Every structure is written in C-alpha cells, then in structure tokens.
DNA sequence: AAAATTTGTTAGATTCGTCTAACTTTATAC
DNA sequence: GTATAAAGTTAGACGAATCTAACAAATTTT
Ligand SMILES: [Mn+2]
Ligand SMILES: [Mn+2]
Ligand SMILES: [Mn+2]
Ligand SMILES: [Mn+2]
C-alpha cells in the first residue's frame, strides 16, 4: 500500500506543523499546502481510511503512529538529500530545499542508504534540523531562540528555522553559518534588535525577526 | 508551458522507439508504456495540440522538432543521472536505470548542471548510450552488433542495449564491462552462439541473444 | 446571550490520465 | 478480391485531486 506523491505531501505537512500535542487544524494545513479547505477535508477522510490520520468532524487533525512514521521517513529522505546536496555536490544551503522537495518522493531504499553511508550517517541537515532515523523517529535538541537570549550571553548557532532562500542569503551576506560562536553585546529595548560579535565582525545588528529564526546553544 | 511527468514519459518513449525515419506506431507505444491504445491516442492528440507530436488519424506518430528536443533533454537527465549513480555513488550499472527513471523528472537545472560538471561532461552513460547535449541533440556512433562479427575479429565492447537488470548481471558474472577487448574464436553455425576470449578468460560462450545486445567497435 | 466571524463540511463540477466496449480503417491471408 | 486479422479511433465511464458555492458548527466579539 504505497502513498501517492500528493498524500506524501499532506503527511509531511501534518508532521511539520503539528503543535506540541500533535494537533493540526484544517485551516492551517490548507494554508500551508495552499490547497482549499474542502479539498483538505476530503483528503483527511481518505488518509483516515488508510489509518494514517485520526479524523473526526470539527476536531483537530492528528497523525496516527503509522502516519507519523511514514511522514518521518519522507522527511528523512528530504533532509538526507539536503545534506548530500550541500556536502557532496557543493550547493548552498539556500538552494537545496526545492530540490529535496522533489527528491524526497523517489522510491529507492538503496539510493538513500548510499547517501546516508556517503555522508557517514549524519544526525542533522544543513539547516540544523534533525534527520529522522530509519524508523522515522526524530528528536529535536532543546535549543533556545537567539531572540530569547540576554546581553552578555555567548552562544553557538545550532539551527535555523523557517528558512526561506532570502533569509539564508541574508545569513550568507553576514558571514553566518552553523556552529558559529556568537557574543551578544546588547539588545535594543524598542524593537528587540540585537548587536552581536562573531569571527572578525564586531558589531553586526540583527532584527528580532531574524533572531527568532536562529536556534542557539548557550556556551558556558 | 511545462509538461507533466506523464507527458514526459510519452515523449521519451516516442524518442526511444522511433525507427530510422522517426516513426512510431500507436500499438508499439501502447505496448512499451503498458497503456491501452485508446489512452495513447488521446494523449497523442493532446501532445499534437502542444506541438510536440505530428498526429494524423491512422498514420504513424512522429515527434516534432520541439518534441524531439524536449525528449532529448529528459533522456539527457536520465543518462547523466545513471552516470552519476555509477561514478559518484558506486551503484552497479544494473541498479541505476530504475532510479534514473524517477530522477529524470526532477525540475532543477542547477542540479543536473552540477552533476554534469562533477562528471566532467561525460559523453556516454554507463551502458555506452550517448548523453544528449544541452540542446537535446544526440548522435550514436556506428557500432556493430557482436552478433554481426566474424570469427577472428578483435573488437572492443562499446555499448550494451536492451539492458535489463538480469542481462547486466549475466555480464557481471562473466566479468565483462565497457571497454573490454574481445577476440572472437569461433561461431557455432547451428545457433550462432560464439566462443570468445578476453582478459584472463579463454573460452567463454555467449548465446546469440546476448551477442545481439552487445555493441562493439572493430579493432585494427 | 445575540451577533459576527472564523472554521469546517457537503454537494456538485472540472481536469487529468486511465480503462472497456464498440466501431472503423488498414493490412494480411487465402 | 474477398475474408480475416491487426491496428486505430470513438464514446462513455471512472478514480484522483482539485475547485467554488452554499451551508453548518464553533469561536469570538460586543
Ligand atoms: Mn528543507
Ligand atoms: Mn514534496
Ligand atoms: Mn536507463
Ligand atoms: Mn520516467
């Protein structure tokens, strides 16, 4: 019982936008996939029949265990692909998402096993998101948002989220990359913009909008 | 005006099974794609409307110049992918076709340009088939079939055709590969099977069915 | 608590790619 | 040259995935 490319994209979206308790609203899913709500409803009934989604009228959507596993495996292929494209094909982290969005649907265990092996079994993708294991399980480390840190903190940039190509190009322009050590010099109370120093740069300013997309680990 | 995956597969099949004059019968295409004739007819009308195919009732099908170009570009992606999988990912030549069949539909010029570059602009795929250029043009060298050679000939194995996975595994089992120098020792008149020597092997027997799938260049 | 808004469902239509059944045209056999 | 077979087309149906319009339920505002 194989899922269509379309079904795979619904599963993946359900997985990605689930809140802490695993719930997703129809409107949210509709917006994410840019597909009208009635279409989403009918697809949810279909996925419910395939035991991939828990569906009850007017209740929030939830992936079943089976659905969560299948979604995880697609996301695994997506993130392995992104890592492969960056590490083995020298594409920029801002270029790989759209390609991975397509390659994640390739049916070929050996192809992705080979990628995994060539990359030496990576744990995270080029944006710092964890790569689900071969059972579809994934765990996020508990990073903080840079926007939640305080002046004086020293942190390491560990992941970037809500990564559009434009956002990643902004980071490229500022010479920022995963693993970068950052010192927070000050925070502007008015707009929560911050001033940081890193590498040879001494007073770069980041808007709050940027800081909310940067996940960091505090360094002792 | 982008073509669907389905349309791409029709174009590719038309390209691949065209005879010398570029003609293809509906029944042939139907058989190749494993799609019933009425479906093929209606798709041909659709492709004719898109100026990709010349279609007249009861006449053989022919790709237009435009159709031939688009088909060539898909086959280019297919063969580049096969080469990449063999050269850069260490898959066997018997394993790559099914993966390439899917990846050929990926929309991302940069992805395939990168492959091309990493492979140093290869001219042929792992089975010896020529890779169409970036305009979709392709030329076959004029190889002979091994089945058309004579006892005493010395030849180089240059390409393999009608390559199923089983056939390629047979060649693996016999230690045969592209570029191999082969001496024809004798030909059995009854069934046209041949005895050859190559590398350290001194009397391997190949059936006519095998020889018809091996393309060779005669060595002076 | 009534009104207004947002969220979600139902019903019915549309496009794509496929099929089967029935018919027509072309090619082959006798 | 007629009969038979093969190849090709037409007509009508169907499932998948989408949409719009209309309606219903749930939530928020007043
Ligand atoms: Mn991505
Ligand atoms: Mn996708
Ligand atoms: Mn191939
Ligand atoms: Mn294909």
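Things to note:
- Within the stretch B:145-169, the set of residues being more than 15 Å from residue B:196 (Cα to Cα) and in a helix (DSSP H, G or I) comprises B:165, B:166, B:167, B:168, B:169.
- Close contacts from the stretch B:124-138, counting a first residue that is touching a residue at least 12 places away in the same chain (Cβ under 8 Å) and a second that is within 16 Å of DNA strand C (Cβ to nearest atom), with Cβ to Cβ under 8 Å and a gap of 6+ residues or different chains, come to B:136/B:70; B:136/B:71.
- Residues of the stretch B:192-201 satisfying the condition of being surrounded by fewer than 17 Cβ atoms within 10 Å (Cβ to Cβ), out of contact with any helix residue (DSSP H, G or I) (no Cβ under 7 Å at 6 or more places or on another chain) and either modelled with pLDDT of 95 or more or on the phi > 0 side of the Ramachandran plot (or both): B:195, B:197, B:199, B:201
- Residue A:143 being under 26 Å from residue B:84 (Cα atoms), away from chain B (no Cβ under 14 Å) and more than 16 Å from ligand 2 (Cβ to nearest atom): no
- Residues (more than 10 Å from chain A (Cβ to nearest Cβ) and either free of Cβ contacts under 8 Å to residues at least 60 places away in the same chain or within 16 Å of ligand 2 (Cβ to nearest atom) (or both)) located in the stretch B:77-90: B:77, B:79, B:80, B:81, B:82, B:83, B:86, B:87
- Of all residues in the stretch A:202-216 being in contact with a strand residue (DSSP E or B) (Cβ under 7 Å, 6 or more places away or on another chain) and in contact (Cβ under 8 Å) with a residue 40 or more places away in the chain, the one that is surrounded by the fewest Cβ atoms within 10 Å (Cβ to Cβ): A:212
- Among the residues of the stretch A:93-115, the one identified as part of a loop (DSSP other than H, G, I, E, B), under 11 Å from residue A:81 (Cα atoms) and facing chain B (nearest Cβ under 7 Å) is A:106.
- Sole exception among (1) within 14 Å of chain A (Cβ to nearest Cβ); (2) closer than 21 Å to residue A:104 by Cβ; (3) in a helix (DSSP H, G or I) for residue B:74, by number: (1)
- Whether a residue is at pLDDT 95 or above and more than 27 Å from residue A:127 (Cβ to Cβ) was assessed, and residue A:45 passes this test.
- Residues in the stretch A:116-125 that are more than 10 Å from chain B (Cβ to nearest Cβ) and part of a helix (DSSP H, G or I): A:116 alone.
The values are calculated or read from the model by the stated rules, or taken from the named source; none is laboratory data. Since this is a predicted model, take the numbers as computed values, not measurements. Note that each Cβ is placed from the backbone with ideal geometry, even for glycine, and that neighbours are counted across all protein chains shown.
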